[in-house]
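The values are calculated or read from the model by the stated rules, or taken from the named source; none is laboratory data. For clarity, every value in this text was computed on a predicted model and none was experimentally measured. Every residue, glycine among them, receives a Cβ derived from its backbone with ideal geometry; neighbour counts consider all protein chains shown.
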Amino acid sequence: MDYLQYLRLDKFPHIWCAGCGDGIALKAILRAVHNIGWEKDNIAMVSGIGCSSRTPGYVDFNTLHTTHGRAIPFATGLKMARPEMNVIVVSGDGDATAIGGNHLIHAARRNIDLTVLIYNNHIYGMTGGQVSPETPMGDFATTAPYGAMENNFDISGLTIAAGASFVARCTVYHANLLGKLIEKALSKKGFSLVEVMSPCPTAYGKINKKGTGNEMILNQKQLAVRVERAKTMSPEELKNKIIIGTIIDRELPEYVNTYEKIISQAQRR
Amino acid sequence: MSEKASIEINEKWCKGCEICVDVCPRDVFEMRNFVAKVKDIDKCTGCMLCEQLCPDFAIIVHAPEKKKKSVSV
Ligand SMILES: Cc1ncc(C[n+]2csc(CCOP(=O)(O)OP(=O)(O)O)c2C)c(N)n1
Ligand code: SF4
Ligand code: SF4
Ligand code: SF4
């Protein structure tokens with residue numbers, strides 16, 4: 001397929017570092033959109049602030065680059081006002097689970113028809129490597145010189161418990177699967193989330209001696225375990241592994257739909 | 001379309017990350033002056049892996065339909 005037809009070519013080359021996974025994730029989004037066949041004008045991409053949040057700047061859709069952590073509230077307003085719009089949120093682990101963590105769980109709880117892609121690179125990339133709720137315990141960050149002291153959020157567990165319709169996880173190395181999971185997420189009516197494991201060689205890789213971007217991405221091949229296989233493995237065997245695939249896919253009432261029903265009920269009175 | 005695959009590299013966008021060199025199962029690429037170059041196009045199977053994994057949109061693979069097979073890694 002021709003990726004360039006979806007891009008704002010005058011904005012290239014993009015700002016992401018050599019070997020950053022974010023460009024691979026963007027390609028997977030574009031393949032998903034292309035396969036579904038949506039018109040560019042019927043898509044709105046919304047983001048907060050961060051390296052990952054620069055994504056909407058590169059795509060020729062309707063785009064909204066908002067404030068740090070607030071992409072989901074903006075996207076919620078947009079979806080309520082224009083339900084026919086296909087709304088995609090691109091967010092970082094800091095953006096979505098630290099400053100924006102409450103928005104994330106409440107959007108999942110409402111099960112509003114948005115697709116949220118959280119690029120998890122275990123760090124605040126844009127601002128130079130501060131610890132995030134996704135920095136593994138013991139790993140280093142500029143604000144964790146002795147190693148991170150806190151547990152992580154389990155993003156999928158959190159959003160499943162909150163009530164999301166669809167939750168998946170994938171590495172950028174498994175780009176083909178990533179595109180397919182994003183396609184499923186985009187097609188799902190209800191809150192859908194894909195956690196995209198996207199290495200940040202600059203702000204996380206270097207301080208943690210994880211190698212260069214290409215090495216970090218290649219390493220995902222060893223780290224990833226398919227959901228189906230993970231079910232047969234013990235917690236010890238799964239330690240430090242990345243479980244990839246569809247984690248939940250279920251039918252639940254969707255918020256915009258419920259809201260529209262209430263409007264027509266009220267009008268009938 | 002010709003029977004052979006061909007590859008376009010946009011050298012202005014390539015950041016020299018070497019992902020294409022590492023992931024190509026047929027050793028088609030090499031690095032020269034921090035930019036990816038096609039070393040041996042004849043070995044290319046048109047699997048599209050390099051195109052999917054180049055983060056910089058710097059690779060376009062033109063693969064003949066029958067050579068093109070979707071990869072699943
Ligand atoms: C209200 C507010 N607080 C802090 C910042 C500074 N800031 C910009 S990006 C960022 C974190 C980015 O990390 P993440 O969301 O994980 O995205 P990444 O850059 O890693 O893709 C922070 C703290 C800001 N822009 N606005
Ligand atoms: S700082 Fe990290 S997340 Fe940001 S562009 Fe560079 S590699 Fe990617
Ligand atoms: S993967 Fe893309 S950016 Fe990286 S070296 Fe190859 S052509 Fe250049
Ligand atoms: S299409 Fe496949 S075989 Fe051809 S250069 Fe790319 S990765 Fe190598």
Filter the range A:201-218 down to residues that are away from ligand 3 (no atom under 16 Å from the Cβ) and not small (Gly, Ala, Ser) and give me whichever is nearest to A:Ile29 (Cα to Cα). A:Tyr204
Answer yes or no as to whether A:Asn208 is modelled with pLDDT of 95 or more and within 14 Å of chain B (Cβ to nearest Cβ). no
Would you tally the residues in the range A:99-142 being out of contact with any Leu (no Cβ under 9 Å at 6 or more places or on another chain) and within 15 Å of ligand 2 (Cβ to nearest atom)? 20
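For every residue, the table says whether it meets (1) crowded, with 18+ Cβ neighbours inside 10 Å; (2) acidic (Asp, Glu); (3) touching a Ser or Thr at 6+ places or on another chain (Cβ under 6 Å); (4) within 14 Å of chain B (Cβ to nearest Cβ).
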site: A:Leu7; (1), (2), (3), (4): no, no, no, yes
site: A:Phe12; (1), (2), (3), (4): no, no, no, yes
site: A:Ala28; (1), (2), (3), (4): yes, no, no, yes
site: A:Arg31; (1), (2), (3), (4): yes, no, no, yes
site: A:Ile43; (1), (2), (3), (4): yes, no, no, no
site: A:Glu84; (1), (2), (3), (4): no, yes, no, no
site: A:His106; (1), (2), (3), (4): no, no, no, no
In this structure, does A:Ile72 turn out to be more than 16 Å from ligand 3 (Cβ to nearest atom), closer than 28 Å to A:Glu254 by Cα and in a loop (DSSP other than H, G, I, E, B)? no
A careful count of residues in the range A:124-178 that are more than 14 Å from every other protein chain (Cβ to nearest Cβ), touching a residue at least 12 places away in the same chain (Cβ under 8 Å) and in a helix (DSSP H, G or I) gives 6
Scan the range A:224-257 residue by residue and report those that are touching a strand residue (DSSP E or B) at 6+ places or on another chain (Cβ under 7 Å), part of a helix (DSSP H, G or I) and surrounded by 15 or more Cβ atoms within 10 Å (Cβ to Cβ). A:Ala230
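Among the listed residues A:Gly125, A:Gly190, which satisfies the condition of being modelled with pLDDT of 95 or more, in contact with a Pro (Cβ under 9 Å, 6 or more places away or on another chain) and not charged (D, E, K, R)? Reasoning before the result, please.
Numbers: A:Gly125 fails: in contact with a Pro (Cβ under 9 Å, 6 or more places away or on another chain).
Just one listed residue meets the conditions, A:Gly190.
Just name the residue that is nearest to ligand 1 (Cβ to nearest atom) out of those in the range A:79-89 that are in contact with a strand residue (DSSP E or B) (Cβ under 6 Å, 6 or more places away or on another chain) and farther than 15 Å from A:Ser52 by Cβ. Please lay out each step first, then the result.
Initial filter on the range A:79-89 (in contact with a strand residue (DSSP E or B) (Cβ under 6 Å, 6 or more places away or on another chain)): A:79, A:85-89.
Subsequent filtering for residues that are farther than 15 Å from A:Ser52 by Cβ retains A:79, A:85-87.
Details: A:Lys79: 21, A:Met85: 24, A:Asn86: 23, A:Val87: 19 Å.
So, considering only residues that are in contact with a strand residue (DSSP E or B) (Cβ under 6 Å, 6 or more places away or on another chain) and farther than 15 Å from A:Ser52 by Cβ, the one nearest to ligand 1 (Cβ to nearest atom) is A:Val87.
Which members of the range A:1-56 meet the condition of being part of a loop (DSSP other than H, G, I, E, B), within 16 Å of ligand 3 (Cβ to nearest atom) and out of contact with any Cys (no Cβ under 7 Å at 6 or more places or on another chain)?
Step one: list which residues in the range A:1-56 are part of a loop (DSSP other than H, G, I, E, B), which gives A:1-2, A:8, A:12-21, A:37-39, A:48-51.
So of that shortlist, the ones also within 16 Å of ligand 3 (Cβ to nearest atom) come out as A:12-21.
Once the filter is applied, which keeps residues that are part of a loop (DSSP other than H, G, I, E, B), within 16 Å of ligand 3 (Cβ to nearest atom) and out of contact with any Cys (no Cβ under 7 Å at 6 or more places or on another chain), the range A:1-56 yields A:Phe12, A:Pro13, A:His14, A:Ile15, A:Cys17, A:Gly21.
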In the set A:Ala224, A:Ala185, the lone residue that is within 12 Å of another protein chain (Cβ to nearest Cβ) and more than 16 Å from ligand 3 (Cβ to nearest atom) is A:Ala224
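At least 1 residues that are touching a Phe, Trp or Tyr at 6+ places or on another chain (Cβ under 6 Å) and at negative phi in each: list the strands (runs of 3 or more DSSP E) lying fully within the range B:1-48 that qualify.
Per the criteria, B:35-38.
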Answer with yes or no whether A:Thr66 is more than 14 Å from chain B (Cβ to nearest Cβ) and among the β-branched types (Val, Ile, Thr). yes
